[in-house]
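The values are calculated or read from the model by the stated rules, or taken from the named source; none is laboratory data. These numbers were taken from a predicted model, which means no experiment stands behind them. Cβ: placed from backbone, ideal geometry, glycine included. Neighbour counts: every protein chain shown.
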Protein chains: 4
Amino acid sequence: MKKSTRIIKLFMIFFIIGIFMRTSSILVAQKTHRFKPTKFYFTYDAKHEPVLKLMPGDTLVTNTVDAFGNKISRMDQKASEIVHLPKVNHQTGPFYVEGTGPGDTLVLHLLKVRPDRDYAVSTHLPSFGVLTGETYTAMLNEPLPEKTYIWKLDLKRYVGILELPNSKMEKIEIQLHPFLGTVGVAPNFGEAVLSLTPAEHGGNMDCVETKEGTTLYFPVFVEGGLFMLGDGHAAQGDGEICGTGLECSLDVTVKVDVIKGKTIYWPRFEDDEYIMVAASTRPVIDAFRSAQVELINWLVQDYGFDRWDALQLVSQVGVSRIGNVVDPKYTVVAKFPKKYLPTKE
Amino acid sequence: MKKSTRIIKLFMIFFIIGIFMRTSSILVAQKTHRFKPTKFYFTYDAKHEPVLKLMPGDTLVTNTVDAFGNKISRMDQKASEIVHLPKVNHQTGPFYVEGTGPGDTLVLHLLKVRPDRDYAVSTHLPSFGVLTGETYTAMLNEPLPEKTYIWKLDLKRYVGILELPNSKMEKIEIQLHPFLGTVGVAPNFGEAVLSLTPAEHGGNMDCVETKEGTTLYFPVFVEGGLFMLGDGHAAQGDGEICGTGLECSLDVTVKVDVIKGKTIYWPRFEDDEYIMVAASTRPVIDAFRSAQVELINWLVQDYGFDRWDALQLVSQVGVSRIGNVVDPKYTVVAKFPKKYLPTKE
Amino acid sequence: MKKSTRIIKLFMIFFIIGIFMRTSSILVAQKTHRFKPTKFYFTYDAKHEPVLKLMPGDTLVTNTVDAFGNKISRMDQKASEIVHLPKVNHQTGPFYVEGTGPGDTLVLHLLKVRPDRDYAVSTHLPSFGVLTGETYTAMLNEPLPEKTYIWKLDLKRYVGILELPNSKMEKIEIQLHPFLGTVGVAPNFGEAVLSLTPAEHGGNMDCVETKEGTTLYFPVFVEGGLFMLGDGHAAQGDGEICGTGLECSLDVTVKVDVIKGKTIYWPRFEDDEYIMVAASTRPVIDAFRSAQVELINWLVQDYGFDRWDALQLVSQVGVSRIGNVVDPKYTVVAKFPKKYLPTKE
Amino acid sequence: MKKSTRIIKLFMIFFIIGIFMRTSSILVAQKTHRFKPTKFYFTYDAKHEPVLKLMPGDTLVTNTVDAFGNKISRMDQKASEIVHLPKVNHQTGPFYVEGTGPGDTLVLHLLKVRPDRDYAVSTHLPSFGVLTGETYTAMLNEPLPEKTYIWKLDLKRYVGILELPNSKMEKIEIQLHPFLGTVGVAPNFGEAVLSLTPAEHGGNMDCVETKEGTTLYFPVFVEGGLFMLGDGHAAQGDGEICGTGLECSLDVTVKVDVIKGKTIYWPRFEDDEYIMVAASTRPVIDAFRSAQVELINWLVQDYGFDRWDALQLVSQVGVSRIGNVVDPKYTVVAKFPKKYLPTKE
């Protein structure tokens, strides 16, 4: 073999390894980072200094405090005296991911999303929630009575327990399904968005799907993506109608990855059962439309469906969940069952 | 025993039997009626002549034709040339239930809801559906292309099969879950409502929950209730986004009952898993609110929950489904898991 | 001239006169009908027996009672005890117009719309209006306090006067601009619509434009059109936010006409300043869209504008008013200034 | 008089003068500042460096470029190739006002708002506007055709002239009523908001009321207020339905003032006829509600009306305009006629 051939061969090997590393991040040493937050943000903003730099393939082990900054733990505490809207939803981060920038997709594999304590808090704030006049559905009524509910968490049985002294049923036990109420990247176009507000960058989607075992995809708008997370809920119903879930601090483990050159318009999720899109705007019908259109585009681009066939199939097997209807923008999650997808080549 | 005592005793026995009959309808001979429809209605209207009178406890075995009056069975047929909106959703009925009137609740146990043929039809009508300008979301765009999809139904394997010549996937098989798209009673206050429109009386809710095995509760507004049914779907995704499901004629068996003196404000459903409320209005958020408030009132009145506890619990374990977002009013179904209910005494 | 020619000539003359009469109604004796209502309707319904038959060109002199059936005249009367929603908005009529049917346009020239008494009533009903939870924006708040306001009407100075003992200002005087809150024709497709609800047939649009001096155009859906009117307001702000205007009985004079073969989709109005479309649906944005699209179509069809030029011009000189946001459907009026229209040939 | 007494007297005089200056700004020399912008912002953001510091009472003479950065002047130019949403609405500023901070109200007297050139531009962007599917009302339709309209401005006759080669009418002349489409202060809570988006801080309200002769009041959220302005329109219809008005660069003169310690929640305006509130959110009904509630609160707090009297009066004489329904949030302006206000003491 001539020297030049060998050089070409070597070059090709490195080239292939390079591509391989770029796409799968397997050959580089993948680190696990432990990060203990001490400072929290109330906005998603590209101007925030990153707290840590990660490589694609790295794993992050961290914590989040609850939406009230862990300041409420007793029934006699009033949220309206302790926190001041919209300065809630303390975010851990931002985390900078090396080698990603505008036009890419950031991938977060949620390996662990678990309560790190034995209680959760839910409040009825006086002018918050979908069944009362509030900031953006202003009314002249008197507000609802303020309430603080402390749920006991039994992490062995994975249930939440609430005493109900005013009801016929003395206590209730519900299954836990902890998730990140808020997770996303720095927004586009120089916007800084409240951690209370969901949008194209993710943020406060308050949808139960962002739980352990789900993979999240976010559009990347700035160098490093700058993802943050917080607002853990040990459980929550659809829509989060009173305005809060089982607010709880969390242990979180996330494996980070990047899809270079792949542009998406709304956060996408994937678990064993569904591919999903989470769109956030007001009114609900427009969040619904945005999620469906992004889901149809996904089916067309990645799975080879004709546009009108995709519309037909989403019409027949699509599942849609109302994420939240209490934040400054509402979130709808449109889902397509993976069992009906063609096998990807 | 004195004569007067015996008379009192006899009277008490009859009184108890009376109550028993009234509530459970067990002691009267319960009939099964077979009704083959030949004429169909396009409005829910107290002025329509009932086709049959039923007693509480009776069972009705009947058929519904599909939303197109069974007139479409080939891909080369255009719905826009064959049917004319809003004259679709041909209704079987109305059925008069003896002994019920305004202020009562009509109970329909859906014992059987099954396709009676081996194909279903779904269409993309040019100006219909939630992802295009249409009658009540008027726009200046050109309409979407009209399409007719014929799904083959394999009733043994209980799947629907669609050829997809324009997509990478050649065909798709989906599970069937047949349900009545439209079911309800004559509306209140002399209104006559299109069979295309859902409201307090039920009607075209297009929600997947009105399927075999579910019990439906409707407010009764006029003597006899005058229920009707139609618009069968062999399957449908949430929201019915293209405007049609797997439109199909059905074999239906319904057991009829009445709860005297029980007044409800929106249709309620119950199956093994959930108690549910289906509210219909525009926009989605208001249908959502109406369904949640009726569900909370239900929990308070029938299950002994404190009002604010009920709000807290629905916030944490409630499930909400978007029924339809294509009809003149949209439908949202709010659900509460029965496993979290107190045992009813 | 031969006899046969003369017969043909005579025939032609009669034929021409016939066409002329049909379109302009000039040659027939135009009658003025006086109608004193004794019975009132709460629905718009083609099944109602007409109270009077009119010829195109005829004039109708009649009365309407107020939305409460003239039953409230003192501040100590509570509307919630006297009327029961939705049985309000008592309608005078229906009036049958000869020679019109589906596909035509009914023309009502409002020659006189004036209060016939010296007071008007406005109420704050407990769960009605846009700034409180109500039937279709269901909430958990306590209702607003019920109020009955009696306005004195000074018909010489054409002002309404209200004492304000609880405010710094002791009384207020406002200009009157009386109008029909409700006016329309029998609806399409066999629907019967509450007199509380506006839609394609007109009905309870509650928009200030349906006043003396305005010409109204309605789509005709059934033989005779069957128009009705009621719900007079001596004055009202945009949106009718508390749910009622200055509710008042009225003297009304209407000249009736017909445009044969002209099909419109929403009520249209015309006064000295504007051509207008009133569309009614929920949410507001969709009523707004429907009104704009019908206005653009009007400009294209009757005034020779290119479709996109029409969009451009409505964008720059169009005026849009929120009619009502308290009825089961909301009404938006889109207006185009007549000074910018080409002279019609 | 003792020396100490004289010192106290002098001190008191200076103290009173100080208060007087602070509130009325009369005794300080009021400057007129001329500012020629060279750099423009696309976000409202407290982090932007102020370009100029003003004292209360000062006058600012400046210019704004149009929403396209003055880059479009010919019909053959396509906006979609020249600007990229949302990077439009170039803002002049921010201007820092001395002596104001959170909790105050900033006052802008619009002394002059006039086109500074002889043409204006309006475009139909392919996926923008309320009568087509767009970013937040996503649909599957094809977009509308892109158009660029160049309006000639005759500033002597104060009319805009458009040739209409495709319509029956060859050209149209409309009256000009120039206004600032976008004007506001730095937002609250560290948010940075697109210059395309209106909110509590003002911004892209696109309402015709922010014109010469109107006084604007904004809540102050950060030190100096940091107001900006731009997006001039020589004319515009209600709602700005195609997405653009007569986009035009402007000469602007603003007199600045401050009301210390007065907290408002939404921008307020005042002209000879009306006091007004402009609220911005989605959907329209919620912008409407927010504007009405702020207007009612204004009437109660500043004019001594009882809360329910205020509701009654706004219901009867309030005027409501739809500002824009094309921006990321919609704007509604609620107005109360000044002729019905008590004289302020």
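Tabulated data for the structure shown
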quantity	calculated
Residue B:145 in contact with a Pro (Cβ under 7 Å, 6 or more places away or on another chain) and either at pLDDT 95 or above or farther than 16 Å from residue D:137 by Cα (or both)	no
In segment C:286-313, residue farthest from residue D:128 (Cα to Cα) [restricted to those that are in contact (Cβ under 8 Å) with a residue 40 or more places away in the chain and of a type in the set (Asp, Glu)]	C:302
Any hit, segment D:247-255, residues being under 30 Å from residue A:42 (Cβ atoms) and either away from every other protein chain (no Cβ under 12 Å) or touching a strand residue (DSSP E or B) at 6+ places or on another chain (Cβ under 6 Å) (or both)	no
Residue within segment D:67-83 that is touching a residue at least 12 places away in the same chain (Cβ under 8 Å), crowded, with 19+ Cβ neighbours inside 10 Å, closer than 28 Å to residue D:269 by Cβ and under 22 Å from the mean Cα position of the chain (by Cα) present	yes
Which numbered condition residue C:167 misses (of (1) within 12 Å of chain D (Cβ to nearest Cβ); (2) in contact (Cβ under 8 Å) with a residue 40 or more places away in the chain; (3) out of contact with any strand residue (DSSP E or B) (no Cβ under 8 Å at 6 or more places or on another chain))	(2)
Hits in segment D:326-335 - residues which are out of contact with any helix residue (DSSP H, G or I) (no Cβ under 6 Å at 6 or more places or on another chain) and either in a loop (DSSP other than H, G, I, E, B) or facing chain C (nearest Cβ under 9 Å) (or both)	D:326, D:327, D:328, D:329, D:335
Test result for residue A:73, at pLDDT 70 or above and not acidic (Asp, Glu)	yes
Segment B:163-172: number of residues that are surrounded by fewer than 22 Cβ atoms within 10 Å (Cβ to Cβ) and either in contact with a Cys (Cβ under 9 Å, 6 or more places away or on another chain) or among the aliphatic types (A, V, I, L, M) (or both)	2
Some residue of segment C:105-123 being under 29 Å from residue A:126 (Cβ atoms) and either touching a residue at least 12 places away in the same chain (Cβ under 8 Å) or of a type in the set (A, V, I, L, M, F, W, C) (or both)	yes
Subset of segment B:242-256 (residues that are closer than 25 Å to residue B:160 by Cα and out of contact with any Lys or Arg (no Cβ under 9 Å at 6 or more places or on another chain))	B:243, B:244, B:245, B:246, B:247
Some residue of segment D:92-105 being surrounded by fewer than 21 Cβ atoms within 10 Å (Cβ to Cβ), aromatic (Phe, Trp, Tyr) and either on the phi > 0 side of the Ramachandran plot or outside any strand (DSSP E or B) (or both)	no
Complete set of residues in segment D:73-129 that are of a type in the set (A, V, I, L, M) and touching a helix residue (DSSP H, G or I) at 6+ places or on another chain (Cβ under 7 Å)	D:125
Selection status of residue A:331, buried (at least 24 other Cβ atoms within 10 Å of the Cβ) and among the β-branched types (Val, Ile, Thr)	yes
Selection from segment D:173-225 of residues that are surrounded by 24 or more Cβ atoms within 10 Å (Cβ to Cβ), aliphatic (A, V, I, L, M) and either more than 14 Å from chain A (Cβ to nearest Cβ) or touching a Lys or Arg at 6+ places or on another chain (Cβ under 8 Å) (or both)	D:180, D:183, D:185, D:192, D:199, D:205, D:216, D:220
Exclusive hit being of a type in the set (Asp, Glu), within 13 Å of chain A (Cβ to nearest Cβ) and closer than 30 Å to residue B:99 by Cβ, set B:238, B:302	B:302
Residue within segment D:181-193 that is under 21 Å from residue D:61 (Cα atoms) and either more than 11 Å from the chain's Cα centre (by Cα) or modelled with pLDDT under 95 (or both) present	yes
Single residue of D:145, D:126 found to be surrounded by fewer than 17 Cβ atoms within 10 Å (Cβ to Cβ), of a type outside the set (Val, Ile, Thr) and in contact (Cβ under 8 Å) with a residue 12 or more places away in the chain	D:145
Single residue of C:322, C:296 found to be touching a strand residue (DSSP E or B) at 6+ places or on another chain (Cβ under 8 Å), crowded, with 22+ Cβ neighbours inside 10 Å, within 30 Å of residue A:284 (Cβ to Cβ) and facing another protein chain (nearest Cβ under 9 Å)	C:322
Selection count, segment D:117-164, where residues are over 23 Å from the mean Cα position of the chain (by Cα), more than 8 Å from chain C (Cβ to nearest Cβ) and hydroxyl-bearing (Ser, Thr, Tyr)	6
